[in-house]
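Beneath this line is the structure, given in structure tokens, with notes to follow.
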Amino acid sequence: MAAVTIRGLTKRYGDVTVVDELDLDIADGEFLTLLGPSGCGKTTTLRCVAGLERPDSGEIRIGRRVMVSAAGGQFVPPEKRDAGMVFQSYALWPHMTVRGNVAYPLRMRRRPRSQIPGLVHEALSMVGLDHLADRSVSALSGGQQQRVALARALVARPSLLLFDEPLSNLDAKLRTSMRAELHSLHKRVGTTSIYVTHDQIEALTLSDRIVVMHDGRIHQVGTPEEIYAQPADQFVADFIGFENFVCATVVDTADGSIVVQVDGFPNVLVARGGSGARPRNGDRVTLAVRANTITLLPPANGPTHGIPAEVVAVAYLGDQVEYLLDAGPHALKVRMATPTGHAPPRWSEGDRVTAVMQRESLIVVGSAAPVPFAPALS
Amino acid sequence: MPSLTRLRGRAGTAALLAFVGLLYVLPILMIVYGAFRTAAPGLPGEWSADGFLQAFSDPRTYSTLGNSLWLAVATGIGATALAVVFAWIVSRTDAGLRRMVTPLMVVVLAMPPLFFSLSWSLLGTPKFGLINQLLGAIGLPDTLLSVGGRWGTWFVLCLKICGLGYFILIGPFLAMDRRLEEASLIAGGGRLPTFLRINVPMMAPAVLGAFIINFIIGLIAFDVPLIIGRPSGFQVFATQIYAFVTNDTPPNYAAASALAMVFILAVVILVAIKRRLLDRRQFTTLSGKGARPEPWDIGRWRWLCNGFILAYAVLAVVLPCVQIVLGSLQPLFGVHRGYSLDNYRSLLADPTVVPALWNTAQLAFFGGLLAVAISLLLGVVGRHASVGLRRTLELSTWLPWAAHGIILGLALVWAFLTVPFLRPLFGTVWIVLIGLVIASTPLASRATDAALAQVGRELEESARVSGASALRTGIGIVTRLILPACLAAWVITAIQIAGNLEVPILLSLPTNETVAVMVYQLNARGETVQAAALFCLVLGAAALGALLLATGSALRRRWRRRGRGSAPPAAAAAPVSPAGFDLPAPELVAAATRNSKSRTDLLLGEE
């Protein structure tokens, strides 16, 4: 097992910079996820760590060994990096049986012949496929192929495990169970792992830490809780599932809380600072709020910090109902549990309501576009 | 073409099968018949096994058998190795010239074997050939290179048929997912172990398939051994069959047929073995989402690959072309003074040449058209037919492979002289036309099938749902969509026909000789420069055809682009073509070979 250090990693394809001056430290035994939309450079970063791409500049160390250093002209080929990798397309060799595929890394690492059957059996039983060892890999289902790929990555006990969107070829149900399995597997094996995905649920459930990437740069590094609750900027908030963004002016920053005046709302509200820089009085900021932290009440008995709004669309989602509100200059999305039994009635289009945001649900995620009168206030 | 549903009905199917049987199956049966007859075709004779006895008591048979086997194995290995290298360069490396390979291979595939044999017999002539003169000019002995005999035949044959092997291999090579190699690298295997343990076994079925096809071609090769090998005494199977018919007096048709039958049997057995061995092992189709064929950065090796491509282009196309054109302008072969068009003038003044040119042009034009039309008909019917009918159609149009070249000529002699109602056709140009159509059907159907496979079923189904009949759909949608591919197939088939020597050499009479036969005879008589000039005329016509095709597709694209800009309704009414239909002609052929669902698969076994 080994820690991974990435310094100043840059990779270009022609004029396009896919990974831009990336710095990252991965602790020994950590499960780290690179999360981001397609084209954000996460897969390229992973492939640079694997040795499948040569970075244009920067350095990568695994343990104490320098794997690649553009400045020092060093490059350790992938087969010498002692890693295991699970590919999106599984990449199982169709001319070998399940056993042949799993035994391959051991043979390549010149393990004694006598040990190989035992280790293969162990790896296959870890993924629950020991009874299929003699099948041809093309005779397996997608989920089974994925497990073989996993066993192949694990079998030689590499010091580093790499996952390139391993679950994206599976159907939704299988993906959920494989996710749980991967999680418990990591707990048992404890190998340092780098996992690439664009699925926020996968990232949140599997990782010790998440790295959110966009356009070849890191936007935020943090635990799943930090990423989920305190997105550093608007991109992260948007990607991690915040539905509503509103513009506001900071009016008070006394004793740690930030009081903001959201454009077009009748009253000031209390917001939380994200993990970004702390705003000062008079700053224009963007706030994010999740749809499920807003409650709708009848206009009559709403509290003072309620926001008057009108329901413009209703969508029934099964266990939840989604409302689209027109609140001054903003459109707000609200999701509430579907009422059961004698619960209050559902709202319908055209209803006037009061929207109430939960305490601490408003998060400052960055400065808004500059407004002409902002300097006058500061 | 009646409606497809009715075609599937009994009458249509019966008519189609009878037509296919007459054209493709009957000649082969006639070879078997002929092997057991004592008399020449068309004469009353007895049933006997004398043909076999004569053929196999003749000591020449055994030496040619050995030579043919040697040539088949050596060409199989040589041409397949060349094809593997090219397919590998194109699919797995970033060598700059790799984009040149496919067009180059189209040219090599389209050029008739006669071109290679004639030009290399000139190139390799000591003292007078271009290469030897160049060697002499730099101070080396000008007799250093002599292309002839066993190795000369092997060399020229490899140059030529590597083109076919390339198109067989390039599909599977491109389909291979690079992740499979990367997974091996990560698992700890270096480049060499990865190549040996992953690439080689995965590509083995396709490579073995290509080997078997090259082996078959080597076994029955006619033009190249006849022109390059025979002058220095290298006789093979096909030239021996030819010799039994033309050199023995009286012509020994039974012995020739007996030899031919042995060959047909060998091919059938080879194909059967191949299907048994390889067809259950289908590797190349397995890949999940995210599979991309990407080339490897091969660093300095790139220059080696580029050099290899360049060397092949020079040897296979550039030097032969230069030599033939230069030779055609020389007063005497190898004499560099007094270049003139005299050879052309005297050729065109010859009363037998102009009719032969005209005859060949007609054969190429109509033969190519017929071959493409038949392939298209069978392809469209096969698309909608039951599995059994489709297999039968596929198998029968591939039978010309078993009865290749000279054997087909022999088979048609038997068929046309023995079957009563066909006899009047013997000696006319029709028998030559039929032979050439049959011989070029495999090539034509390769192109049309691949193009057909690119037309999505939905395009046809939506036409049917919109109210078009099967006939209208077949002509208005399917044929219309693949028209550019069909034109390209027509041009290539026509070039093949114009240069085909094997079929007309037995079937045509002096009154309806083709240019290819005339070129061969001129060359055999030592009138080398006239032969070169005559072949140059064929080459010129072929180049003109290719140029017309390229201009046509360029014009069409331009017209279409303008149509899209000014008149959107017209553009919208134009068929929605799947990707790949706007390609220029040579690339269409390449696109055609790219997919794996062509009739070739019957031999290659990727169904």
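Just so you know, all these numbers are worked out from the coordinates, no wet-lab data involved. Model, not experiment: these values are computed from the prediction. Glycine gets a Cβ as well: all are built from the backbone with ideal geometry, and neighbour counts include every protein chain shown.
As a calculated quantity, the FRET efficiency between B:TRP301 and A:ARG12 at R0 = 30 Å, using C-beta atoms, amounts to about 0.85. Other residues whose C-beta falls under 14 angstrom from the C-beta of B:LEU501 contribute a net charge of -1, scoring Lys and Arg +1 and Asp and Glu -1. Each Lys and Arg contributes +1 and each Asp and Glu -1, all at the Cβ; summed about the Cα centre of chain B, the dipole is approximately 1820 debye. For A:GLN320 and B:SER386, the FRET efficiency from 1/(1 + (r/R0)^6), where r spans their Cβ atoms and R0 equals 56 Å, is about 0.60. Averaging 1/r over every pair of different alpha carbons in the protein assembly as shown and inverting the result gives a Kirkwood radius of 33.6 Å. As a ratio to 2.2 N^0.38 Å, the alpha-carbon radius of gyration for chain B is 0.98.
Largest GNM mean-square fluctuation among A:VAL212, A:VAL270, A:VAL364, using chain A with Cα springs under 10 Å: A:VAL270.
Seen from B:PRO225, the other residues with C-beta closer than 15 Å to its C-beta sum to a net charge of +2, counting Lys and Arg as +1 and Asp and Glu as -1.
I'd like the distance between the alpha-carbon centres of the range B:542-558 and the range B:177-224, rounded to an integer number of Å. Using only Cα atoms to place each centre, the spacing works out to 36 Å. Label positions at B:LEU341 and B:GLN133, each projected 7 Å from the Cα along the C-beta direction, are separated by 2.1 nm. Relative contact order, percent, of chain B when contacts are C-alpha pairs under 8 Å separated by at least 6 residues? With pairs under 8 Å counted, the relative contact order is 21 percent. Restricting the trypsin sites (Lys or Arg not before Pro) of the range A:24-110 to loop positions (DSSP other than H, G, I, E, B) with no more than 12 neighbouring Cβ atoms within 10 Å leaves A:ARG64, A:ARG110. Counting neighbouring beta carbons within 10 Å and listing from fewest to most, the residues B:SER466, A:SER207 come out as B:SER466, A:SER207.
Return a whole-number percent for the relative contact order of the range B:135-246, with Cα pairs under 8 Å and 6 or more residues apart as the contact set. It rounds to 37 percent for the range B:135-246. Remark on the range A:1-105: ratio of C-alpha radius of gyration to 2.2 N^0.38 Å is 1.15. Exposed loop sites are taken as GluC sites (Glu not before Pro) in a DSSP loop (any state but H, G, I, E or B) with at most 13 other beta carbon atoms within 10 Å; the longest stretch of chain A without one runs A:1-348.
For the range B:298-422, the Kirkwood estimate of hydrodynamic radius, built from reciprocal distances between every pair of different alpha carbons, is 20.3 Å. Each part gets one Cα centre, and for the range B:113-147 versus the range B:344-404 those centres are 34 Å apart. In chain A, Cα pairs under 8 Å separated by at least six residues give a relative contact order of 15 percent. Of the residues A:GLN234, A:GLN261, A:GLN358, the one that moves most in a GNM of chain A with alpha-carbon contacts below 10 Å is A:GLN358.
Which of A:PHE163, A:LEU35, A:GLN145 sits closest to the plus end of the dipole of chain A, meaning its Cα is farthest towards the positive end, when Lys and Arg get +1 and Asp and Glu get -1 on the C-beta? Going by the Cα projections, it comes out as A:GLN145. Full extension of the segment from B:VAL314 to B:PHE366, taken as 0.36 nm per residue of separation minus the current Cα-Cα distance, would add 15.4 nm. Once you divide the Cα radius of gyration of chain A by 2.2 N^0.38 Å, the number left is 1.20.
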